[in-house]
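Since the structure comes first, as structure tokens, the remarks are kept for the end.
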Amino acid sequence: MTSIQLDLVDDDAIRFQHNLVQAVAEIDALGVAIDITALEVVDSFMARVLNDTASMVRLMGAEVVISGVQPHVAMTLVEMGRDLIGADCTFNLEQALARLNERISARGDAMAAQGAGNANYYLG
Amino acid sequence: MSESSFEAITGLLAARQETIVREWSEEVLRAWVPRYAGLVSEPVLRLQMSEFVAEIQKILTNHEGGELPAIPAESPLGAHIQELSASRAKLGFKTADTVRYVLGLKAVLIQHLMADAGDSAITASILAVNALLDQLGMLVTEAFIDTREKLIRQQSQSIQELSTPVVRLWDQVLLLPLIGVIDTQRARQFTESLLVAITRHEARVTVIDVTGVPVFDTSVARHIMKTIDAAKLLGSRIILTGISPEGALTMTKLNISFSGILCRTSLRAGIAEALQMIGQRIVSGVGT
Amino acid sequence: MPTITWDEIQAVQETADIMRARTAAKRHAAALGFGLADQTRLATAVSELTRNVLLYAKEGSCAIAHSTTDGFTGITIRVEDKGPGIGDLNSAMQDGYSTSGGMGIGLPGSRRLMDHFDITSSPEGTCITFGIKKRNG
């Protein structure tokens, strides 16, 4: 399981995406929680990076939960256009991890990866 | 007073109508153009002014006896003035600038009358008194209206705040009863307060009750959809209650997908559903 | 009568400038007493439009002004570039139209976020003036 805390990023966003999917591949992650509490502005570019990342992670066979969307960011996003972010969302990282656990335990391959353990990945 | 007492003015209006309208429009446009460029059309203004002067002439010519008649609001002149103020107000004109329209004519007419009378020493004084008091009068009106507008703004603001309370129903359950007309500004405001409350209380479920929304049209539906989407981004679910048959029809016409939106017939049912989501239940006290 | 005072102008040449521009916009909005929701939507629009500058014109500028009209306080932003311009402005203002493979939501989305939004574009460049306002008191 990989948890990501990312700070204000822009060009770094692409690098973050790349690093994240690499990490998912390396440790055969079952679930990814992306916490964006620190993001005060999410424009369509950032939304797309997040969405693409979520899709890539899902394609690689892992679950994704996004957490910590700020209320004003949420307002702005829905004003810009519906469904800018398609992934499952929770309030905070803790709930995101709980949600991931829930989903992973419902999967058939959960036992196979039992030994993998947790890895934390920080960008910055 | 005899009827002939108005001869000077009626004569003046008959003889020099065009000059008067021209001077009047110049006077008014001098004040308006810098502030409301693009909102005033000179030909239209002149046309209005010619009609205005003609009406005044009629009143001065046709009155009975020596006294001036009151100008009722329903009379052509009264209606003209009302229509004019209303349209200027909608265009965002200041009170003083709107009043200047009428006062402008007064200044022009007095100037002409004085010139005809021929005593330049008194003319200057009367003009000065006239101009000064007109200005003061405008200031009085403006201050009065400003105060009243401020009051109205305060009241509408407090109505707005009162009408969108976010109620904490239970741990992690919020209630937003929507009452009254929903416009973009209000939608933005209640969405913001709801989202902030959701984050603060980490609410997992919010019941939005629209029983008190009189008109559930496409724009209201769109606003509520945005609120629901935004709440979803935070990680909270919305239960929508109290949609009328008309409201349901609108939503269907809008082609809004209901996947992910939970609707319940009544606020009661919505609250029961919300509590069940967080593992709570209302039970009768009897027998426990 | 609206009076507009330009407070700050900065170049938009590299991606870090996007962040600089939106942070500046947010700071000005906060200083003028706008709430967090308004700050966020302004910063997001600045972010979208300055990114467009880099994407389509390589470089440009972003200027921030505050304005006061009777009873209103406003903040106005002008994002300009000397790029090739937008060929089909009408289409560009529609959701989902993009010539760069993006989501096609930057222009129409930003317009939805703002209280006023003006765009002029020619082969000599593009200029977008937009902003938010609020009632005083």
**Report entry** FRET E, pair B:T211, B:T184, Förster distance 25 Å, beta-carbon r, rounded to 0.05
**Finding:** 0.70
Query raised in the report: Rg (Å, one decimal) plus Dmax (Å, integer) for the alpha carbons of segment B:1-160?
Result: 17.9, 61
Requested in this report: May I ask for the Rg/Rh ratio of the protein assembly as shown, computed from Cα atoms with Rh as the Kirkwood radius, given to two decimals?
Outcome: 1.12
Query raised in the report: So what J values fall out for segment B:235-245 if you push phi through Karplus, 6.51 cos²θ - 1.76 cosθ + 1.60 with θ = phi - 60°, rounded to Hz, Gly and Pro as x?
Result: x, 10, 9, 10, 10, 9, 10, x, 6, 6, x
Query raised in the report: Which residues of segment A:57-91 end up with at least 50 Å² less accessible area in the presence of all protein chains than when their chain stands alone, using a 1.4 Å probe?
Result: A:P71, A:H72, A:M75, A:T76, A:V78, A:E79, A:M80, A:R82, A:C89, A:F91
Query raised in the report: Mean projection of the alpha-carbon convex hull of chain C over all orientations, in nm²?
Result: 7.9
Query raised in the report: B:T61 to B:A143: FRET efficiency via 1/(1 + (r/R0)^6), r the Cβ-Cβ distance, R0 35 Å, to the nearest 0.05?
Result: 0.40
Query raised in the report: Once label points are set 7 Å from the Cα along Cα→Cβ at both B:D171 and C:Q10, what is their separation, rounded to one decimal in nm?
Result: 4.5
Query - Normalised contact order of segment B:169-288, rounded percent, pairs of Cα under 8 Å and 6 or more residues apart - result: 27
Query - Amide N of segment B:103-127 lying under 20 Å from the label point, which is placed 7 angstrom from the Cα of B:E7 along Cα→Cβ - result: B:110, B:112-119
Report task. For peptide A:35-43, compute the average count of partner chain beta-carbon atoms within 10 Å of each residue's beta-carbon. Result -> 5
Report task. Compute the distance in nm between two label points, each set 7 Å from the Cα along the Cα-to-Cβ direction, one at C:D70 and one at A:R107. Result -> 6.4
Report task. Give the interface area between chains A and C as buried accessible surface, both sides summed, probe 1.4 Å, in Å² to the nearest 100. Result -> 1900
Requested in this report: Note the full-extension length gain between B:K90 and B:E18 as 0.36 nm times their separation in residues minus their Cα-Cα distance, in nm to one decimal.
Outcome: 23.0 nm
Query - Pairwise burial B:A, computed as accessible area of each alone minus the pair, summed, 1.4 Å, Å² - result: 1600
**Report entry** Per-residue HN-Hα couplings for segment B:192-197 [Karplus 6.51, -1.76, 1.60; θ = phi - 60°; Hz; x = Gly/Pro]
**Finding:** 4, 5, 5, 5, 5, 5
Query - Modelled label reach - A:R48, point 7 Å along Cα→Cβ, segment C:90-117 residues with backbone N closer than 11 Å - result: C:96-107
Requested in this report: Using θ = phi - 60° and the Karplus relation 6.51 cos²θ - 1.76 cosθ + 1.60, list the HN-Hα couplings for segment C:113-123 in order, rounded to whole Hz, with x at every Gly or Pro.
Outcome: 6, 9, 7, 9, 7, 10, 9, 10, 8, 9, x
Report task. Leaving ligands, DNA and RNA out of it, rank C:D81, C:D115 by accessible area with a 1.4 Å probe, largest first. Result -> C:D115, C:D81
Query raised in the report: When the Kirkwood radius is taken over all Cα pairs of chain B, what Stokes-Einstein diffusion coefficient follows at 37 °C and 0.692 mPa s, in µm²/s?
Result: 133
Query - lysines whose Cα lies under 27 Å from that of B:K232, excluding same-chain neighbours fewer than 8 positions away - result: B:K253, C:K26
Query raised in the report: Near the amide H of A:D88, under 5 Å away, which other amide H atoms are found, from residues 5 or more places off or on another chain, if H is placed in the peptide plane?
Result: A:I66
Query raised in the report: Can you give the relative contact order of chain B as a percent, counting alpha carbon pairs under 8 Å and 6+ residues apart?
Result: 12
Query - Between helix B:17-36 and chain B: long-axis angle, C-alpha atoms, 0 to 90°, nearest 10 - result: 30
Report task. Indicate the gyration tensor shape class of segment C:73-137 (rounded, prolate or oblate), computed on the Cα atoms with a ≥ b ≥ c the square roots of the eigenvalues: a/c under 1.5 is rounded; otherwise a/b larger than b/c is prolate and the rest oblate. Result -> oblate
Query - In degrees, nearest ten, helix B:267-277 long axis to first principal axis of chain B (Cα) - result: 50
Query raised in the report: Once all Cα-Cα distances of segment B:51-124 are split into 5 Å bins that start at 0, what whole-number percent is in each one?
Result: 3, 13, 17, 20, 19, 14, 9, 4, 1
Report task. Mind putting a number on the dipole of segment B:175-259 about its Cα centre? Charges go on the C-beta only, +1 for Lys and Arg and -1 for Asp and Glu, and I need it in Debye to the nearest 20. Result -> 220
Query raised in the report: Looking at segment B:209-254, which residues lose a minimum of 30 Å² of accessible area between their chain alone and all protein chains in place, measuring with a 1.4 Å probe and not counting ligands or nucleic acids?
Result: B:K226, B:D229, B:L233, B:L234, B:G235
Query - Euclidean distance between Cα centres, segment B:143-199 to segment C:41-60, Å - result: 33
Query raised in the report: Taking square-rooted eigenvalues a ≥ b ≥ c of the alpha carbon gyration tensor, is segment B:211-274 rounded, prolate or oblate, where a/c under 1.5 means rounded and, failing that, a/b exceeding b/c means prolate?
Result: oblate
Query raised in the report: At 222 nm, what helix-only mean residue ellipticity would the protein assembly as shown give, in deg cm²/dmol to the nearest 500, using -39500 (n - 2.57) for each DSSP H run of four or more?
Result: -17500 deg cm²/dmol
Report task. Return, ordered by residue number, the residues of segment C:14-29 whose backbone nitrogen is under 16 Å from a label point located 7 Å along Cα→Cβ of C:S100. Result -> C:14-22
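The values are calculated or read from the model by the stated rules, or taken from the named source; none is laboratory data. Worth saying up front: this structure is predicted, and the values here are computed from it rather than measured. Cβ coordinates were reconstructed from backbone atoms using ideal geometry, including for glycine residues, and neighbour counts include every protein chain displayed. Please note that ligands, DNA and RNA were not included when accessible areas were found on the heavy atoms of the full protein model with its side chains. Shrake-Rupley method; radii C 1.70, N 1.55, O 1.52, S 1.80 Å.
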